[in-house]
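The values are calculated or read from the model by the stated rules, or taken from the named source; none is laboratory data. The shown structure was predicted, so the numbers you read here are calculated from the model rather than taken from an experiment. We place every Cβ from the backbone using ideal geometry, glycine too, and count neighbours over all the protein chains shown. To get the accessible areas, we keep the full protein, side chains included, count just its heavy atoms, and leave off ligands, DNA and RNA. Shrake-Rupley method; radii C 1.70, N 1.55, O 1.52, S 1.80 Å.
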Amino acid sequence: FSALAYRDTQTAMHSMRVADLCVQVAHGLLSAKETYLLEMAALLHDIGKIGVPDSILLKPGPLTSDEWDVMRMYDRIGAEIIRGSFDNKSLLDAIRYLRTPFNATNDTVDGPTGRGIPITARLLSIADAFDAMISHRSYRQGRTQEEAFEELRRHAGTQFDPDLVFWFIDVVKQRGTSAVPAGTVSKESALQLGLHIEQLVEAVDRQDLPAMATWAQQLELTAAKAQAADIETRARAVRESIENPASFERALELSLELVNTARSARWSHVDLHTAAPRTPVVSSR
């Protein structure tokens, strides 16, 4: 993702916004572990653009039909990068089936269709399309939120899962779209926080209170060294709620709050605002 951000900052920022949308709409639908996986899939769904020539990727205007043929290859390139980098079929499937139409049949696609498509891919498809529609590009203005909502409704049942479209719209209307969070800690600390969060999410899914306390303590220590006071305070609250003890529900609530608070620090992996663009940069295609 850092390599993609260096190559095309606007695509990386698009991916971060899509990840943020996915986390919001996953609340109440997916487990903590599934939400974490969806967030990672959203960050990496455009990684294949690393393999697209600059003359096409950064072209300040509409593409020709031949150029679009090249652009369409990036989905396959991205899937191969994910396949070769992670031993995680669920992550691969979320990205591989992202563009499968909801109403596709086995006669037209090689893979799952309808609600057989992983829910992570169905949610990611909606969030990706929504952000692309409301984003400004060099050759057109972005649509308003309401216009984008109407377009999602128009394609509900064909391109998108209709139930998830209406869920997505309700969530975004209630919570709004969030700005891309800014990193506040060093890259080394961000990496450590990310690893600890992954372990905490696993423990939450297993309802393993001792493991939750262990990883909350690790987050507390890492945050203290990084002077990330908010993360440190919330991690301490998780640990103390388990040690006192509190109910599992309360410990779970505090743990999920901690995960959400620590998310912004993980963006420190990427110097989005300091990378010098090599050519005029346009919004994500």
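Volume of the convex hull of segment 179-254 (Cα atoms only), normalised per residue: 91 Å³. Here K225 is the anchor, and the lysines within straight C-alpha reach of less than 18 Å, apart from those fewer than 8 places off in the same chain, are K187.
State the Kirkwood hydrodynamic radius of segment 101-250 in Å, one decimal place, computed from all pairs of distinct Cα atoms.
18.8 Å
Taking every alpha-carbon pair in segment 1-50 and binning the separations at 5 Å intervals from zero gives 5, 25, 29, 18, 13, 8, 2, 0 percent.
The C-alpha atoms of the chain define a longest principal axis, and helix 119-134 lies at about 60 degrees to it.
Throw me the Rg/Rh for segment 218-264, computed over C-alpha atoms with Kirkwood Rh, two decimals. Can you show the working numbers first?
On the way: Rg = 10.3 Å, Rh = 10.5 Å.
Using Cα coordinates only, the ratio equals 0.98.
Taken over the C-alpha atoms, segment 38-134 has Rg and Dmax values of 13.9, 38 angstrom. Put simply, the C-alpha atoms of segment 98-179 give a gyration tensor, and the ellipsoid matching it has half-axes of 24, 15, 11 Å, longest first. In the chain, the longest principal axis of the Cα atoms and the axis of helix 32-44 are about 40 degrees apart. When F166, F130, F1 are compared by accessible surface with a 1.4 Å probe, the order from highest to lowest is F166, F1, F130.
Per residue, the chain exposes 48 Å² of accessible surface when a 1.4 Å probe is rolled over the protein heavy atoms with every protein chain present.
Wrap a convex hull around the Cα atoms of segment 42-93, take a quarter of its surface area, and give that in square nanometres. It would help to have the intermediate numbers written out before the result.
Values: hull surface 15.8 nm².
With the hull built on Cα positions only, its mean projection is 3.9 nm².
Taking amide hydrogens as placed 1.01 Å from N in the peptide plane, the amide H of F160 sits under 5 Å from those of F102, each at least 5 positions away in sequence or on another chain. Here the accessible area is traced with a 1.4 Å probe on the protein chains. For segment 2-99, carbon and sulfur cover 56 percent of it.
The value given for the chain is a Kirkwood hydrodynamic radius of 20.0 Å, derived from the mean inverse Cα-Cα separation. The lysines within cross-link reach of K89, meaning a Cα-to-Cα straight distance under 22 Å and a gap of 8 or more places when in the same chain, are K33, K49. Counting charges near K33 (Lys, Arg +1; Asp, Glu -1) among other residues having Cβ under 10 Å from its Cβ returns a value of -3. Mind checking the angle between helix 187-206 and the chain's longest principal axis? C-alpha axes, 0 to 90 degrees, to the nearest 10. The helix 187-206 is inclined about 80 degrees to the chain. Summary value for the chain: 24 percent relative contact order, contacts being C-alpha pairs under 8 angstrom separated by 6+ residues. Using bins of 5 Å that start at zero, the share of Cα-Cα pairs per bin across segment 66-106 amounts to 5, 21, 24, 20, 18, 10, 1, in whole %. Residue-wise HN-Hα couplings along segment 228-237, as the Karplus relation 6.51 cos²θ - 1.76 cosθ + 1.60 with θ = phi - 60° gives them from phi, are 9, 4, 5, 5, 4, 5, 5, 5, 4, 5 Hz; Gly and Pro carry x.
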